[in-house]
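This report concerns only the one structure given below.
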Amino acid sequence: MPKIAEETRAARRDQITAAAVACFARAGYYATTMADVAARAGVSKGTPYLYFASKEALFIALHEQWDCGLADRANAAIAALPEAGRRSPRQVLHAVAAAVAGHVLEETGICRVLMEARALAAHEPAIAAAVRAADTRIHGQLEGLFAAGVEAGEWAAGTDPPLAARLLMAGLYGLMAQWHLAPGSFSWEAAAAALAGGPPPGTAGGVSSADD
């Protein structure tokens, strides 16, 4: 496929997914139709089907878009740590928690899709499979991080890595739900840091102790 054609197709796909985020965030999964998405995107009714086989497939693609975006943000945050920080599981966890906070604040619409996907998982098998796959992957990564932290002496020897990972995930998703019910009602940065085990090393109360 010629490069220009590929770029045009990618741009149109982005146009459709952006419209879908707006529609799903406003009206929810069941009330939104592909015709609504097409109208929001300014394309013909059949155009979204050239990129997504169904509304369900489009919704799942948005769920995956959230995961990919968050992964990129978390990896960038970890890469930005000094070398000693990248070797510290606790500091890495703080960087990941801060990345989640930033992603929620900047990608509010897709975060709403994420929250609805978790509710829909009880009734929609394909969406449930996508949610479970994402949860399994994230839980495994966090469990490994906690295990490394225990081995490094950064968490108590009695820490249960699988449970710690589960509790952190539950806490983050709970904060997302509260944020969408009452936006701006708490500091995401402070809450995420607290879930990660208090202020990161080198800070006091979540504020850098060094002069800016």
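The values are calculated or read from the model by the stated rules, or taken from the named source; none is laboratory data. Since this is a predicted model, take the numbers as computed values, not measurements. Neighbour counts are summed over all protein chains in view; Cβ atoms, including those assigned to glycine, are modelled from backbone coordinates with ideal geometry. Side chains included, ligands, DNA and RNA excluded: accessible areas come from the protein's heavy atoms. Shrake-Rupley method; radii C 1.70, N 1.55, O 1.52, S 1.80 Å.
List the equivalent ellipsoid semi-axes of the range 70-121 in whole Å, largest first, each obtained as the square root of 5λ for an eigenvalue λ of the Cα gyration tensor. Walk me through the numbers before you get to the answer.
Values: eigenvalues 141, 23, 11 Å².
Those come to 27, 11, 7 Å.
For the range 99-173, what D do you get in µm² per second when you plug the Kirkwood radius from alpha-carbon pairs into Stokes-Einstein at 4 °C and 1.567 mPa s? Kindly include the intermediate steps, with their values, before the conclusion.
Details: Rh = 13.8 Å.
Rounded, D is 94 µm²/s.
Put a dot 7 Å past each Cα toward the Cβ at Glu6 and Ala84; how far apart are the dots in nm?
Simple spin-label model gives 4.4 nm for this pair.
For the range 136-185, count the residues as N, evaluate 2.2 N^0.38 Å, and divide the Cα radius of gyration by that value, please. The partial results should precede the final answer.
Values: Rg = 13.4 Å, N = 50, 2.2 N^0.38 = 9.7 Å.
In units of the globular-protein estimate, the range 136-185 measures up at 1.38.
Please give the FRET efficiency for Ala126 paired with Asp160, using the beta carbon to beta carbon distance and R0 = 30 Å, rounded to the nearest 0.05. Walk me through the intermediate numbers first.
Details: r = 32 Å, r/R0 = 1.07.
According to the calculation, E is roughly 0.40.
Only loop residues by DSSP count here, and only those with at most 13 other Cβ atoms within 10 Å; note down the trypsin sites (Lys or Arg not before Pro) in the range 69-131 that meet that. Don't skip to the end; give the middle numbers.
Values: sites: Arg73, Arg86, Arg87, Arg90, Arg112, Arg118; in loops: Arg87.
Answer in residue order: Arg87.
With the radius of gyration and the Kirkwood radius both derived from the Cα set of the chain, what is their ratio Rg to Rh? Mind dumping the intermediate values first?
Details: Rg = 19.4 Å, Rh = 18.9 Å.
Radius of gyration relative to Kirkwood radius: 1.03.
For n ≥ 4 DSSP H runs only, could you compute -39500 (n - 2.57) per run for the chain, divide by its residues and tell me the 222 nm figure to the nearest 500?
On the way: 9 runs with 149 residues, N = 212.
The helix contribution divided over the chain gives -23500 deg cm²/dmol.
May I ask you to derive the relative contact order of the range 42-186, considering only C-alpha pairs under 8 Å and at least 6 residues apart, and to give it as an integer percent?
Working: 90 pairs, mean separation 31.1, N = 145.
Once normalised by length, the contact order is 21 percent.
Sort 174-182, 17-25, 54-62 for me by packing, meaning the mean count of neighbouring Cβ atoms within 10 Å per residue, highest on top. Numbers along the way, then the final one.
On the way: 174-182: 14.2, 17-25: 21.0, 54-62: 18.4.
Highest-to-lowest ranking by the protection proxy: 17-25, 54-62, 174-182.
Leaving ligands, DNA and RNA out of it, report the carbon-plus-sulfur percent of the accessible area of the chain at a 1.4 Å probe. Mind showing how you got there, number by number?
Values: 6330 of 11050 Å².
The C+S portion of the solvent-accessible surface of the chain is 57 percent.
Rounded, prolate or oblate: which fits the range 28-73 when a ≥ b ≥ c are the square roots of the eigenvalues of the alpha-carbon gyration tensor, with rounded for a/c under 1.5 and prolate only if a/b beats b/c? Write down the numbers at each step before the final one.
Numbers: a/c = 2.22, a/b = 1.91, b/c = 1.16.
Note, shape of the range 28-73 comes out prolate.
Express in nm, to one decimal, how much length is gained between Arg13 and Ser187 on full extension, taking 0.36 nm for each residue of separation and deducting their alpha carbon distance.
Numbers: separation 174, 0.36 × 174 = 62.64 nm, distance 3.38 nm.
Extra length from Arg13 to Ser187 when fully extended: 59.3 nm.
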